[in-house]
Structure formats: C-alpha cells, structure tokens
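Only one structure is covered here, and it is reproduced in the block below.
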Protein chains: 2
Amino acid sequence: MSTAISPLAPKTYPKMPAIEGVRMATAEAGIKYKGRTDLLVMVFDPDTSVAGVFTRSLCPSAPVDFCRQNLPAGKARVLVVNSGNANAFTGQKGRAATSATGKAAAKAAACSEGDVFLASTGVIGEPLDAGIFSHLLEGLVKEAQPDKWAEAACAIMTTDTYHKIATVTAKLGDVDVTINGIAKGAGMIAPDMATMLSFIATDAPIAAPVLQALLAKGTGKTFNAVTVDSDTSTSDTLLLFATGAAAKRGAPVISDVKDPRLSSFKRALDKILKSLALQVVRDGEGARKQIEIRVEGAKSSRSAKRVALSIANSPLVKTAVAGEDANWGRVVMAVGKAGEPADRDRLSIWFGDHRLAHEGERDPSYSEEAISAYMTRDEIVIRADLGIGRGKATVWTCDLTKEYVAINGDYRS
Amino acid sequence: MSTAISPLAPKTYPKMPAIEGVRMATAEAGIKYKGRTDLLVMVFDPDTSVAGVFTRSLCPSAPVDFCRQNLPAGKARVLVVNSGNANAFTGQKGRAATSATGKAAAKAAACSEGDVFLASTGVIGEPLDAGIFSHLLEGLVKEAQPDKWAEAACAIMTTDTYHKIATVTAKLGDVDVTINGIAKGAGMIAPDMATMLSFIATDAPIAAPVLQALLAKGTGKTFNAVTVDSDTSTSDTLLLFATGAAAKRGAPVISDVKDPRLSSFKRALDKILKSLALQVVRDGEGARKQIEIRVEGAKSSRSAKRVALSIANSPLVKTAVAGEDANWGRVVMAVGKAGEPADRDRLSIWFGDHRLAHEGERDPSYSEEAISAYMTRDEIVIRADLGIGRGKATVWTCDLTKEYVAINGDYRS
C-alpha cells in the first residue's frame, strides 16, 4: 500500500470551529491497522436531526442497512465509525455486529438504538468482531470533545493519503451558523455515491425532512458528480446532522424546504459538499492530477452528465492525462460510447482554453506547444460541446496512474 | 509504447490454408510506422458476399460510415485496411479520404465503388492523407496471393504485441469448407464491438443475408463478450466474406438461415469468432492474465451479461487479479453496482473451483493457501451465482497492470 501523500493534498487546512452540540472522540481499537486511530464516536445533543444518502449498490454493507432503518425517524444521538473493516458481505454475522454495536452505543450515549448511526470502511467480506471495540464506546462518549474534527477525519481513513475536512458559515435569519464536515475516499469512488464516508454537522435548527431534501439535492452536483474509478462501494454513506443549537442564539427553526431564509444555508451546504467531494477526488488512489469534465450542448442535463461520466470513467482518457497527453481523440471515443445523442460533426473539444477539435475535425489553429505546457498542470479541465442542445453537467475525476494499479493490486494482503 | 510480447501470446500458430477466391498483399506505406507493413489489400473473386458488424459508437470513423453504406448490397471485391491512422473524427477530410481510397481501390480491382470495403486503425483525429497509399493499390491488387494470412494479420496491428490468426474447417453438405480469420486489438476493446478490426473469409457459398444473420448471432457470445478496458473504439469493424468457391466442388448454395445444412458451418464460425476474440483479450494492453467471468443464477441472460461486464470492467477486480489477490469482496461490489437484480444473501462466488463466498458470507472452509496457488495461473475463472434465476452469461477480460497505464499514457506522442 502506498504511503506517499497525494501531490494534490491541501497545502493548508482550515481551523475547524466547534459546532455546539457535537462532541467527538477517537481510539486505537486495533481492528486492522496498528499504531493509528480506527474508531470514531460522534455524540450529538438531544433533538439533533439527521439526513442521509447511501450507496445505490444492491449489495450494501450491514451498517448501511442499519442506518437506512433508523433514518426515517430523523433523530440522531451518536455516530460510531470504524475503519479497517467494511462489515460488508458478512451476512448474519454482519447484522449481529451492527446490532451489538448499536446496543453498546445506545447504552453509552443513554439513548435509544434508533438514535444510533453506524458506518464501517475497509475490507469487504471479513466478519467484523464488534467485541474488539464495543467496550470502548462508553469511555469515548464520556471523553468526547467539540474540537476533535481533524482527529475524527484521521480515524476514518483507509487508503486516503491525507485527512479531509471543511468548514463554512452561513446566515440563518440574522444568525451565523456553522457547517463542518469530514470525508474519506479513496478508491471505489463513483456515483452513486461518490464518497465512501462523509459526515457533516451544523448547529442550524433545521427539521429532518428539510435537511434530507437539501442533502439529496446538494449531492447531485457534488458527491454524485465525482468518480475515481467507476467502482461503487457497498458502504458509501453521507450523513448530515443538525443540532439546532443556534436556535438559542436566535436562529429561526426551519421546517419548510421552501423557506426563503434557507438560501444562504443551501449555498454553504453545497459549498462544503463540493469541497469534501473534490478532496476525495484529489486523493483518488494514485492520483496526480484533478480532471474537471464539463459537457455542454447536450440534449438534456441528464444526458450531459452521462456523457461527462463516460469521459471521466474512460481508462484511456485518464491514462492520457496521466501521461500529460492532450489526447482529445479519446474524448471523442468516450462521447461516442456514452450512447447519448451526439453528432460527430458538431462536436467541439477544449483542454483548458485550448480548442483542439471543432465541428468534427481537429482544430487546425491549436498550438501543440501551448497545449503541452497546459497538460503539465495538476488541474486539467476538459470541455466538450456536443452542439445539439442546452444540457450541461460538470463532473470531476483524477488521472489513472501506475500507482493506482500498485495500490489496488496489493490491498487485501 | 511497449514492445514486449504478451505472456499470453499463442505458443504456436496454425498453418493457414488458402481460401479459394481470396488473395492478399501488404505494403510499407509509411502512414505512421516505420520499418513495418501498414497497408493490407484483400481481393475477392466476383460474387463474393459480405456481412459486417460495426462499433455502436455514435462518433464512428469515416471508414465505418463508408462500409455501412456499401454493406446492404452484400457484395465485396476488395478490402483496404491501413494501420497507424484511424481516420476517425476527421470530418469532411475523413470522408474525402475514404472517397479517394474507394475510388482508387475500385479502379485497382476493376470493380464498382460499392464493392469496396475500408478500415483504418490508429490515432483518432489526425487527417489521413489517402495520397500516401492510394497509388500503391493497383500494384498490390496485382501481386496479391492466397497464402498471405499471417502477413495480412501483421499489417493491421497497432499496439498488438502479436498477430492474431485462426482457421477452422466445416462441412457444408458433404463438402469441406474453410474459414480463415485475422484480428487486431488491443486497447479500446469493449462491447460493442469488442475488436477494433477483424476480417474473416470462407469459400462457402452463403448468401449475404444469411451470412449477416450468422455473424450477428455469433458475435453476441464472442466479440461482444470481451472487454479490455470498457472503452469502445470509433472504428470497430468485423467483416465476413464468402467467396462461394466451394460451390464448384459441390457445396450447396445456402440462401436460407434456417437451412439445416448450416449447422456445422455455424459451429465453425462461432469457434473462429471466439478464438479471435480471445486472442484480442489475451493481447489486451499490459495483460498478464486472462479472466473468464461466468455469471449464473441471474434473472435473465441479459441481466447475467450486464453483471458479468460490471465485474469484467471493474478496475478494482482487474487490479486485484493483476496482484494475484482473490479479492472476492470486489466481485461483490461489482455485482452490487451493476444495478441488476441481486440478493446479497444468496450470492456465491468461486475463483476457479474454490468457493470463497456462499449465501452472503465468506465461505469458512476455503483454503487461503490453495487459492493463492490458483491465483498465480495465467487463466483465472471467476464465477458468481446470483441464486435468483436461471440466466447465465460468460465474458472475458484481462487484468489491469501498470503496463496498461504505461502504454496508454504515452501513445499519441
């Protein structure tokens, strides 16, 4: 497994403010990794509402099943996350593990089992022994502190080469509210979902159904618009918790998704979702370059997104970018194979501001020298105008390098 | 570009018999490559019928458009193939090149332009100057010989590390007929089509509509069941020519696809299609192992094939095999992401004869030692039983190695 930090890692990290009503603690439970934390407990004050979106895999992990069961009630008191074992495809044993963890967490946090949320990430198919860590939960709940966001982000990492955190503020009414989030990748990243795990919390007083609507909408252009390798995890989980503590400072309680006072919060939520999703892409296994794919002029937005994902998931496009080769012919190929309405003779393709192809032919005016210089950058934008409609979409991916193969050819052992 | 021959290359090549009515010649036209042949002319006697299947890309190459135009008449006299330039996404210039080549080929073979078939393979988007080679066609038609199958297969290679040929015989009535074929890969190989180029010829007297029906049916379980990297070429072309020369030796002329005398020919055609398709997979860029994916117990055959392709196209499954890691959890993931009916708790997975997972859990009885030994083989069979129906399908792919990334990161330059 590689330990070199991605060259696309953030140069600086934000200072994470506390979110009133949220406390965290981590531990070295020794589930798989040695000498690092692998267990996170996040504790929420009473009346915290929760929203979530999950993998669309038809073989989801046991914790995903567990969360889906508790989500409709919309209340959360404690989140338990372990890394090193995904508790996926573990059958009856997997359900036994989530049940035991759920019970232990409920006891530790003095709440009902319906207020517990769980996530696991790591190897698939190995039974997870909840006994390794369930006895730690009570102590962790007690010692949990509000200022542990970076520690929390570190404890949930697997092949991530850096921890992923983000914070934004928004106005709710006249009151400042905060949104903090953490995420982890790094392989098996594809819609839908695009992160394996991400947890976001805010002190805004927003009812669970509103939170759910905002989260579902926000993921479409963020977490569900990133792909590392087209492989969808069995465990992908994105949870958003709202403690409501800002109400004490005068923030209005929001119970209607159409409430106009939500506009600043919506923007801020979308921003943090995008930040975390891009941090995941930039830590894609073996990634050396971030690739933004913009498709426009498609028949519809849905069609544009399919074409964009076809480009983003093409191994030939991704290896070309790794090789710093502006191989726009492979973009044509990926447009063609998407199966969406397209017309070769109307297609134009740009790398950055350099138009390489126009209306079905190589653009005779482009400069090989300029484009070669552009391709050495670590953020590449590929734009394709299909020229047949007004649909557009943007997705993000990373290049496909030898390092990806090295990391994934020797993960389980 | 790599020049090491695939370890999966054939140990021996068959001796290719002549097909009466088919002659070939090759030349070094210098289109892109130096010091090797890059132009093939295949000449057919009058009354040769032809069938073809092509890429489903919506951005097909100019030669694909050209062939599609001539195919309905069902007659062929000459095939011209060049390597080094795909004449794809070349717009008006591309059409001018196919038109010029078509005219020159028709003149050289003294036939109508409607009897000409063309194929090009290589870089996309570079204009192809037909003037480089069109003047050679007349000489090539004159010097064409029946015993040039291996030479023909060599002239159409691009990143292939070995040439691909196959021959089979069949009975048509009481008469022996022969089918010969050549193919080239090696990247951008995915359904549908799965080869970039393949040309097959027989002396059997079979009418074009029958030939077309046999070819379309035969590709489903062969060329359209292999994938190297999920990328579909703009140029994929499979043509089947029948000279009918065996009629002189008493072979019955077949004009009905339901003719029972076709059974031996059908089997032989399927066999040569499978042989060529697997040769393409085994020369997948960077391939070190052939992977056969068998999915059974699916809701339908169509569903089984989708699941099989989801497994075959998963970078995580392919890198695991490259790393000789029986990572069946990634097979679960790929089943889950296929979006087809599946039930985690009924899923069983084998690598070779080793059952690793059964009814939603790791099979406790499998031997890590035995499976590790199995994974060192160069032909790996992954079998998944979904346990919910009777649909089944088999597809073939290869592993994903660092060499694939190296080859494709530096192809255009």
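The values are calculated or read from the model by the stated rules, or taken from the named source; none is laboratory data. No experiment lies behind these values; they were computed from the predicted model shown. Note that we place each Cβ from the backbone using ideal geometry, even for glycine, and neighbour counts take in every protein chain shown. To get the accessible areas, we keep the full protein, side chains included, count just its heavy atoms, and leave off ligands, DNA and RNA. Shrake-Rupley method; radii C 1.70, N 1.55, O 1.52, S 1.80 Å.
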If you build a Gaussian network model of chain A, linking Cα atoms that sit under 10 Å apart, which residue out of A:Arg77, A:Arg95, A:Arg68 swings the most? A:Arg68
Given 0.36 nm per residue, what is the gain on full extension from A:Gln92 to A:Lys171 after removing their alpha carbon distance, in nm? 23.8 nm
Per GNM of chain A with C-alpha springs under 10 angstrom, the most fluctuating residue out of A:Asp385, A:Asp353, A:Asp65 is A:Asp353
Which entries in A:Lys34/B:Lys337; A:Lys266/A:Lys305; A:Lys148/A:Lys271 show an alpha-carbon gap greater than 24 Å? A:Lys34/B:Lys337
Would you tell me which residue of chain B has the beta carbon closest to the rotation axis bringing chain B onto chain A, and how many whole Å away it is? B:Lys402, 2
Teacher prompt: A:Arg249 distances to equivalent labels in other copies, 7 Å Cα→Cβ, nm: 9.1
Once amide H atoms are placed 1.01 Å from N in the peptide plane, what residues at a sequence separation of 5 or more from A:Val226, or on another chain, have their amide H within under 5 Å of its amide H? A:Trp396
Just to be sure I understand: with springs between alpha-carbon atoms less than 10 Å apart, which residue in A:Ser49, A:Ser255, A:Ser303 has the highest mean-square fluctuation in the Gaussian network model of chain A? A:Ser255
In whole Hz, with x marking every Gly and Pro, tabulate ³J(HN,Hα) for region B:371-376 from phi via Karplus 6.51 cos²θ - 1.76 cosθ + 1.60, θ = phi - 60°. 5, 4, 5, 4, 5, 6
The simple spin-label model distance between B:Asp45 and A:Asp363, using points 7 Å out along Cα→Cβ, in nm, is 5.4
Just the accessible area per residue of region B:11-140, please: how many Å² with a 1.4 Å probe? 37
Rounded to the nearest 0.05, what FRET efficiency do A:Gln145 and A:Glu379 have when you use their Cβ-Cβ distance and R0 = 41 Å? 0.70
Projected onto the charge dipole of the protein assembly as shown (+1 at Lys/Arg Cβ, -1 at Asp/Glu Cβ, origin at the Cα centre), which of A:Ser6, B:His135, A:Ser264 gives the Cα projection farthest towards the positive end? A:Ser264
At 7 Å along Cα-to-Cβ for each site, give me the label-to-label distance between B:Ser99 and A:Ala4 in nm. 5.2
If you roll a 1.4 Å probe over region A:219-362 with all protein chains in place, what percent of the accessible area is carbon or sulfur? 44
Table column - 3J(HN,Hα) (Hz), region B:202-210, Karplus curve with 6.51, -1.76, 1.60, x for Gly and Pro: 9, 8, 5, x, 10, 5, 4, x, 5
Label-to-label distances across copies for B:Ala18, with labels 7 Å out along Cα→Cβ, in nm, shortest first? 9.3
Quick one: buried accessible area between B and A, total over both chains, 1.4 angstrom probe, nearest 100 Å²? 5300
Which percent, nearest 5, of DSSP beta bridges in chain B are antiparallel? 70
Give me the percent relative contact order of chain A, please, defined on Cα pairs under 8 angstrom at least 6 residues apart. 18
Restrict the search to region A:239-343; then list the trypsin sites (Lys or Arg not before Pro) that DSSP places in a loop and that have at most 12 other Cβ atoms within 10 Å of their Cβ. A:Lys258
Can you list the distances in nanometres, one decimal and ascending, from the A:Ala100 label point to the identical position in each other copy, with the point 7 Å along Cα to Cβ? 7.5
State, in angstrom, two size descriptors of region B:300-373 derived from its alpha carbons: Rg to one decimal place and Dmax to the nearest whole number. 12.3, 35
Given H placed 1.01 Å from N in the peptide plane, which residues other than close sequence neighbours of A:Thr161 have an amide H under 5 Å from its amide H? A:Ser6
Nearest-5 percent of antiparallel DSSP beta bridges in region A:296-413? 90
Among the residues of region B:371-413, which ones have their accessible area go down by 50 Å² or more when all the protein chains sit together, as opposed to their chain alone (1.4 Å probe)? B:Lys402, B:Val405, B:Asn408, B:Gly409, B:Arg412
Per residue in region B:287-320, which ones lose no less than 20 Å² of accessible surface when going from chain alone to all protein chains (1.4 Å probe)? B:Pro315, B:Leu316, B:Thr319
Among bridges DSSP assigns within the protein assembly as shown, what percent are antiparallel (round to 5)? 70
Å² of accessible area per residue within region A:290-408, as computed with a 1.4 Å probe and no ligands counted: 37
Along the principal axes of its C-alpha atoms, what lengths does region A:1-67 span, in descending order and rounded to whole Å? 40, 37, 27
If amide H atoms are built 1.01 Å from N in the plane of the peptide, which residues on other chains or at least 5 residues away come under 5 Å of the amide H of A:Ser314? none
If I compute solvent accessible area with a 1.4 Å probe over the protein chains, what percent of it on region A:123-178 is carbon and sulfur? 50
Using the Karplus curve 6.51 cos²θ - 1.76 cosθ + 1.60 with θ = phi - 60°, work out ³J(HN,Hα) for each residue of region B:111-118 in order, rounded to whole Hz, and write x for Gly and Pro. 9, 7, 5, x, 9, 9, 10, 10
About the Cα centre of region A:22-282, what is the dipole size in debye to 20, counting +1 per Lys and Arg Cβ and -1 per Asp and Glu Cβ, all else neutral? 360
Report, in listed order, any pair from B:Lys184/B:Lys402; A:Lys75/A:Lys248; A:Lys289/B:Lys11 with a Cα-Cα distance greater than 31 Å. A:Lys289/B:Lys11
Across all directions of projection, what mean area in square nanometres is found for the Cα convex hull of chain A? 19.6
Give, ordered by residue number, each residue of region A:66-113 whose 1.4 Å probe accessible area is reduced by a minimum of 20 Å² on adding the remaining protein chains to the chain alone. A:Phe89, A:Gly91, A:Lys93, A:Arg95
Quick one: what do you get for the protein assembly as shown if you divide its Cα Rg by 2.2 N^0.38 Å? 1.03
